[in-house]
Structures are given as C-alpha cells and as structure tokens.
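Student: Okay, handing you the structure first.
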Amino acid sequence: MIQFKKHSGIYTLSVMQELPIGLSEAWDFFSSPKNLEIITPPHMGFKITSGEPGGMYPGQIITYKVAPFPGVKTNWATEITHVIDKKFFVDEQRFGPYNMWHHEHHFEERENGIFMTDKVSYKIPFGFLGHLAQGLFVKRQLKEIFEYRINKLEEMFGK
C-alpha cells in the first residue's frame, strides 16, 4: 500500500509491504546499500559512486548518480543517521534533488514473514513551483519507483 500526505510544506510517502521471508534475510538484503540498484527502476540509471559500501552504520555517507528524468543525471549523497539492528534504519539526503529527504525503513517480524514500512518525508525546492511539480510529476514518479520496488521484491522473495 502506498499513501501520500502533505503537512507544513513537507510531503510524506508511506509504503507498506509484507514479504514471506525471515527478519534476518530481510535485514541482510535491505541494510546493504548495494542492493538499492536492484530495486530501483533501470531507466533511472542508479549507480553508487562512493565505492563498494560495507555494512551499514550511523554516519556512513553513500553517494550515487541517478537520472530522475530521462537524460538528466544528478549526484545524490545520503547519510545513514540511525541504525537499530533488525528494527529500523534512516537515511537522509545531504545533497541532491530535494530540499529535504528523510527515509525511515522499519521491519517487523510476523508469523508468516516480515512487515516493512518505508516512510519518506521530503520537501521539494522552488516554493510554489515545487508544489506544482509535486502534483504534475514528482508524486507520480515516486509512486512508480515504489511500485517497481514492491513488484521486484515480490518477484525475488514471493508474496
């Protein structure tokens, strides 16, 4: 399930998904930044540029190149700011296309697998024009990215 809401000039995207895998398997996959490329739509040309990231830890800086629009590549740097093993981690944009990007990844073990919640709070630059862009294409693009991710994860791990 994918939901959007707006509050105080910030947008929040919430994505919930259940997967029939164990918590350790889920954590190992999602806490490895190198797997981001696998679950990002290929047309975005997502590439980590900071070298092969090891295990995730607070303070880790990861840089990427990504094409938010065809033919438009941008640099993006995130910092892993919080990590509680097998519970949650947070990445925050340090520079990139948004004024603010705060992405929480939560994991909950359940009887038949895991329940994951992604919560992305973001602010678009350019004031009124940014809000217009949200309605015209940013919301749709983020929805497509997370739908791709949901489908790719179901293809890899089952429903």
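Residue-wise test of (1) of a type in the set (Asp, Glu); (2) without any contact (Cβ under 8 Å) to a residue 40 or more places away in the chain; (3) in contact with a strand residue (DSSP E or B) (Cβ under 7 Å, 6 or more places away or on another chain).
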residue: 39; (1), (2), (3): no, no, no
residue: 43; (1), (2), (3): no, yes, no
residue: 66; (1), (2), (3): no, yes, yes
residue: 69; (1), (2), (3): no, yes, no
residue: 79; (1), (2), (3): yes, yes, yes
residue: 91; (1), (2), (3): yes, yes, yes
residue: 96; (1), (2), (3): no, yes, yes
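Student: Residues of the range 1-31 being among the small types (Gly, Ala, Ser) and farther than 22 Å from residue 68 by Cα, which ones?
Tutor: 8, 22, 24, 26, 31
Student: Condition (residue is loosely packed, with under 15 Cβ neighbours inside 10 Å, in contact with a Gly (Cβ under 7 Å, 6 or more places away or on another chain) and either on the phi > 0 side of the Ramachandran plot or of a type in the set (S, T, N, Q) (or both)) applied to the range 63-74: is it met by at least one residue?
Tutor: Checking the range 63-74: at least one residue is loosely packed, with under 15 Cβ neighbours inside 10 Å, in contact with a Gly (Cβ under 7 Å, 6 or more places away or on another chain) and either on the phi > 0 side of the Ramachandran plot or of a type in the set (S, T, N, Q) (or both).
Student: Next up: Have a look at 62, 84, 114 and point out the one that is within 30 Å of residue 23 (Cα to Cα) and either among the aromatic types (Phe, Trp, Tyr) or under 16 Å from the mean Cα position of the chain (by Cα) (or both).
Tutor: Among 62, 84, 114, only 62 is within 30 Å of residue 23 (Cα to Cα) and either among the aromatic types (Phe, Trp, Tyr) or under 16 Å from the mean Cα position of the chain (by Cα) (or both).
Student: Return yes or no: is residue 147 at pLDDT 90 or above, touching a strand residue (DSSP E or B) at 6+ places or on another chain (Cβ under 8 Å) and outside any strand (DSSP E or B)?
Tutor: In short, yes.
Student: Being touching a Leu at 6+ places or on another chain (Cβ under 8 Å) and either of a type in the set (A, V, I, L, M) or over 21 Å from residue 134 (Cα atoms) (or both) narrows it down to one of 113, 54, so name that one.
Tutor: Checking each option against the conditions leaves just 113.
Student: Also: Of all residues being assigned to a strand (DSSP E or B) and in contact with a Pro (Cβ under 9 Å, 6 or more places away or on another chain) in the range 91-138, which is surrounded by the fewest Cβ atoms within 10 Å (Cβ to Cβ)? Just the residue, please.
Tutor: Among those that are assigned to a strand (DSSP E or B) and in contact with a Pro (Cβ under 9 Å, 6 or more places away or on another chain), it is 113.
Student: Can you name every residue in the range 87-99 that is at pLDDT below 95 and either under 19 Å from residue 9 (Cβ atoms) or under 13 Å from the mean Cα position of the chain (by Cα) (or both)?
Tutor: 96, 97, 98, 99
Student: Which residues, counting only those in the range 75-90, are surrounded by fewer than 16 Cβ atoms within 10 Å (Cβ to Cβ) and either in contact with a Ser or Thr (Cβ under 6 Å, 6 or more places away or on another chain) or within 19 Å of residue 147 (Cα to Cα) (or both)?
Tutor: If the condition is that a residue be surrounded by fewer than 16 Cβ atoms within 10 Å (Cβ to Cβ) and either in contact with a Ser or Thr (Cβ under 6 Å, 6 or more places away or on another chain) or within 19 Å of residue 147 (Cα to Cα) (or both), then 77 is the only one that fits.
The values are calculated or read from the model by the stated rules, or taken from the named source; none is laboratory data. Because the structure is predicted, anything quoted here is derived from the model rather than measured. Don't worry about glycine lacking a Cβ; one is built from the backbone with ideal geometry, like all the others, and counts go over all protein chains shown.
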